[in-house]
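Remarks on the structure that follows.
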Amino acid sequence: MPVSLTTRPATPSDVQTILALIQELADYEKLTHEVVATVETLTKTLFGDTPCAEALMGCVEGVPVGFALFFQNYSTFLAKPGLHLEDLYVQSAHRGCGLGKALITAVAKIAHERGCGRYEWTVLDWNTPAIQFYESLGAEMKSDWRIMRVAGDALEKMAQQSLQA
């Protein structure tokens with residue numbers, strides 16, 4: 001019997017589930033030490049007065065078992081907005097049933113409907129199953145670009161160097 005797969009916008013009542021899924025994702029990526037998100041910070045940044053991101057829940061038989069979290073960015077070359085998929089995660093017991101594809105394509109539909117010029121995300125270089133999955137959907141690996149990141153104390157130090165202090 002086929003399972004019922006659905007995607008839907010996340011609501012404030014999903015925040016505890018989103019946090020649990022983020023923690024599972026971090027464990028899978030061997031990055032649990034980097035998770036400092038809380039129910040309170042997720043509630044504020046996803047559903048507060050000025051939301052920073054959006055999320056879709058992926059459900060099997062009505063039960064959330066995955067999520068896609070994304071936010072708007074901008075391409076100066078295209079002079080158009082874009083969407084950046086920050087996280088896509090489906091619990092291991094539910095992988096292979098089509099829910100990951102449903103989530104990633106649902107965000108693609110949102111990007112298309114909003115007139116975005118592109119939809120992009122990052123993937124860890126060791127995550128071969130994810131890379132193969134993304135490529136099967138038509139995604140192109142941009143091997144000539146590298147992510148630069150400033151966080152924590154380094155971000156504070158950089159901010160202090162600003163001429164507009």
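Read-outs throughout are calculated quantities, based only on the coordinates presented, and are distinct from any laboratory measurement. Computed from a predicted structure; not experimentally measured. Cβ: placed from backbone, ideal geometry, glycine included. Neighbour counts: every protein chain shown.
General remarks:
- In sequence order, calculated HN-Hα J values of the range 46-56 (Karplus, 6.51, -1.76, 1.60; Hz; x Gly/Pro): 9, 10, x, 4, 10, x, 9, 7, 10, 9, 10
- For the chain, radius of gyration divided by Kirkwood radius, i.e. Rg to Rh on alpha-carbons: 0.97
- Spin-label pair Val35/Met158, simplified geometry with 7 Å Cα→Cβ offset, distance in nm: 2.6 nm
- Once the chymotrypsin sites (Phe, Trp or Tyr not before Pro) in DSSP loops with at most 16 neighbouring Cβ atoms within 10 Å are cut out of the chain, the longest remaining piece is 1-76.
- With θ taken as phi - 60° and the Karplus curve 6.51 cos²θ - 1.76 cosθ + 1.60 applied, the whole-hertz 3J(HN,Hα) list for the range 90-98 is 10, 4, 4, 5, 10, 6, x, 9, x Hz, x standing for glycine and proline.
- Among Ile22, Thr41, Gly66 the positive-end extreme of the charge dipole of the chain (Cβ point charges): Gly66
- Here the 3J(HN,Hα) profile of the range 29-36, calculated from phi with Karplus coefficients 6.51, -1.76 and 1.60 at θ = phi - 60°, is 8, 6, 10, 4, 5, 8, 7, 10 Hz, Gly and Pro shown as x.
- Only helices enter the 222 nm calculation for the chain: every DSSP H run of n ≥ 4 contributes -39,500 (n - 2.57), and dividing by all residues gives -10500 deg cm²/dmol, rounded to 500.
- Computed lengthening from Met148 to Lys80, 0.36 nm per intervening residue step minus Cα-Cα distance: 22.2 nm
- Selected from His94, Leu124, His84, residue furthest toward positive end of dipole (the range 5-160; charges at beta carbon): His84
- Straight-distance crosslink candidates among lysines, where the alpha carbon sits under 29 Å from Lys109 and sequence neighbours closer than 8 are dropped: Lys44, Lys80, Lys101, Lys142
- For the chain, relative contact order (Cα pairs under 8 Å, six or more residues apart, normalised by length) works out to 18 percent.
- Cleavage-rule hits, GluC sites (Glu not before Pro), the range 106-165, DSSP coil, Cβ neighbours within 10 Å at most 11: Glu140
- Between Leu124 and Met141, residue separation times 0.36 nm minus the direct Cα-Cα distance comes to 5.0 nm.
- Of the trypsin sites (Lys or Arg not before Pro) in the range 55-130, those whose Cβ has at most 14 other Cβ within 10 Å and which sit in DSSP loop: Arg114
- For the chain, the dipole from Cβ point charges (+1 on Lys and Arg, -1 on Asp and Glu) about the Cα centre works out to 400 debye, to the nearest 20.
- Scoring 49-58, 34-43 by mean Cβ neighbours within 10 Å over their residues and listing the highest first yields 49-58, 34-43.
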